[in-house]
Amino acid sequence: ELQQKAEETELLKMELQMLETERVRLSLLEEKLMDVLQLLQQLRDLNISKRALGKILLTTLESCHEPQPEGKAHVFEVLDTLYRELTACELLQSQPLETAQSHQSLSNPLVISC
């Protein structure tokens with residue numbers, strides 16, 4: 001009986017470790033998603049054209065279309081690539097520093113960067 005309890009405890013520890021790993025992964029994914037949404041908001045405020053935004057999205061999807069299994073890592077890769085494409089947008093590059101800082105101050109204070 002003691003052996004069985006020890007095995008159950010070990011299984012619960014492993015499950016807890018897996019849950020913690022998943023929590024961290026989801027937290028990183030949420031942070032990247034918030035960054036992408038903030039950039040999209042800034043571009044909307046700068047009146048980016050739908051054509052330009054569509055081109056950014058298509059470029060992102062094309063660069064992430066390499067044959068690989070669809071899954072958790074692929075979703076993060078797409079978000080990360082979209083983030084890089086958005087930050088390279090000329091409208092954001094030409095935006096004055098004060099405007100960029102004011103947008104950052106409007107971001108959700110509950111989101112904590114890792």
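Derivation of every value follows stated rules applied to the coordinates shown; laboratory data play no part. None of the values given here were measured: they were computed from a predicted structure. No Cβ is skipped: glycine too gets one built from the backbone with ideal geometry, and neighbour counts run over all protein chains shown.
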Checklist entry - lysines near residue 50 by alpha-carbon distance under 24 Å, same-chain residues fewer than 8 away left out - which ones? => result 32
Checklist entry - Got a sec? Which residues in region 12-44 would a label at residue 88 touch, if it sits 7 Å along Cα→Cβ and we count backbone N under 20 Å? => result 32-33, 35-44
Item to check | Peptide ranges 58-65, 17-24 listed from the most packed, as the mean C-beta count within 10 angstrom indicates | outcome: 58-65, 17-24
Checklist entry - Where Lys and Arg each count +1 and Asp and Glu each count -1, what net charge lies around residue 36 among other residues with Cβ under 13 Å from its Cβ? => result -3
Checklist outcome for this item: Phi-derived 3J(HN,Hα) across region 24-34 with the Karplus relation (6.51, -1.76, 1.60, θ = phi - 60°), rounded Hz, x for Gly and Pro, is 5, 4, 5, 5, 5, 5, 4, 4, 5, 5, 4
